[in-house]
Amino acid sequence: METDQIKLLRQMQHLLLIRDEHANVGTGELVGELGDAAERLRLQLQPDVAALVRRLLAKDRLFLSPVARGNCSACGLRVPISALQHVLGGDRLVTCTSCGRILYRPDVKATGLRPGEPDPKFLLSRFSTPKLMLADLKAETPAAAITELCAALSKEKVIGDPTPVVAAALAREKILTTAVGHGLAFPHMRGIEEGVLTFAAGLSRKGIDWNGQVVNLVVFTALPVVASLFYLKLIAAFAKTFEDGEKLPFVLASLDAKSMWKELNKAMRVAVRGV
């Protein structure tokens, strides 16, 4: 069934994007295993579908594109009604007539609202706002931290119901931890369509045991699939900023959301310019 093929394709792209994250901000030691897992999924594809994926991967790391507001998210082309019905029904594999990517129905939609207006004084305002800074996380576990940050995104109307977002983020954690050392963790939900990449950040002064690592700064990002490669640049900027261990204490000293926002922007003012 084509529906099963679409599920395999989504799992395969998910693993490949996790592999890219691990290569960019993780230790890199599991890159081979993640690639092998994706290859095992590829071998389960029908020959014509596998050939299509091979051609698409030769051009771009994203071979799937969700449909958002009736358009291909990757290139923006309007999907014909007849094709859209098959995409939404999941009963037949449909490709975009412009970019060639395989189309699918997204699981979660954002509200489409931005968290605030970009402020030239704060480069991170392209992706967040002081209202999404939690200077004193109550959470003592990764699941609780993700739930707390998703609640903040929902409160600011960046996302709707946070329940499926939390569930997807926790499922992502089961594949490979998003803690990357230096007191940082980057949990996220990739696949929130019809919105813009937005992050909420939280501080835990005593630290959260995150799969054996102590995490003090949790950055949760909600992003559309097509922003995946841009997201890699953003978290790489975070990782580079705090890898020396010198800037995190200043951020951790923040007493409220406004001071946390200022310290975070101050710490990242160099690294985020390249994003």
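For the chain, what does -39500 (n - 2.57) per DSSP helix run (n ≥ 4), summed and divided by total residues, give at 222 nm, in deg cm²/dmol to the nearest 500?
Details: 9 runs with 115 residues, N = 275.
Result for the chain: -13000 deg cm²/dmol, rounded to the nearest 500.
Computed over the chain with a Gaussian network model linking Cα atoms closer than 10 Å, the most mobile of Arg55, Arg19, Arg205 is Arg55. Note on region 1-93: with charges restricted to the Cβ of Lys and Arg (+1) and Asp and Glu (-1), its dipole about the Cα centre is near 400 debye.
Extents of the chain, taken as max minus min of Cα coordinates on every principal axis and listed largest first, are 56, 38, 32 Å.
Taking the Cα centre of the chain as origin, work out the dipole magnitude from +1 charges on Lys and Arg Cβ and -1 charges on Asp and Glu Cβ, in debye rounded to 20. Working shown, then result.
Values: 35 positive and 28 negative charges, 158 e Å.
Magnitude of the dipole: close to 760 debye.
Positive-end ranking of Ala50, Ser82, Ile159 along the dipole of the chain, with charges on Cβ about the Cα centre, is headed by Ser82.
Computed log10 I(q)/I(0) for region 1-121 at 0.11, 0.13, 0.21 Å⁻¹: -0.44, -0.60, -1.19, from the Debye equation with unit scatterers placed on every C-alpha and solvent omitted.
For the chain, give the percent of accessible area contributed by carbon and sulfur heavy atoms, probe 1.4 Å, rounded to a whole number. All intermediate terms of the calculation are to be shown ahead of the outcome.
Details: 6960 of 13000 Å².
Reported share for carbon and sulfur atoms: 54 percent.
Here's the list of lysines a cross-link from Lys240 could span, going by alpha-carbon distance under 26 Å and ignoring same-chain residues fewer than 8 apart: Lys121, Lys131, Lys174, Lys206, Lys258, Lys262, Lys266.
Across region 149-261 the C-alpha pair distances fall into 5 Å bins from zero in the proportions 2, 11, 21, 25, 21, 14, 5, 0 percent. For GluC sites (Glu not before Pro), the sites in region 219-275 that DSSP calls loop and that have at most 14 other Cβ atoms within 10 Å are Glu246. Dipole of the chain computed with +1 at Lys/Arg Cβ and -1 at Asp/Glu Cβ about the Cα centre; of Leu170, Phe238, Phe127, farthest Cα towards the positive end is Phe127. Surface analysis of the chain yields an accessible area of 47 Å² per residue, using protein heavy atoms and a 1.4 Å probe. Compactness of region 84-190 is given as radius of gyration and Dmax, 17.1, 49 Å, from Cα positions. The value given for region 193-235 is a Kirkwood hydrodynamic radius of 11.8 Å, derived from the mean inverse Cα-Cα separation. When Rg and the Kirkwood radius Rh are both evaluated on Cα atoms of region 233-275, their ratio Rg/Rh stands at 0.97. The Cys residues in the chain with no partner Cys Cβ within less than 4.7 Å of their Cβ are Cys150.
The values are calculated or read from the model by the stated rules, or taken from the named source; none is laboratory data. Predicted model, so just to flag it, every value in this text is computed and none were measured. When we count neighbours, we look across all protein chains shown, and the Cβ atoms used for this are built from the backbone with ideal geometry, even at glycine. For accessibility, only protein heavy atoms count, side chains too; no ligands or nucleic acids. Shrake-Rupley method; radii C 1.70, N 1.55, O 1.52, S 1.80 Å.
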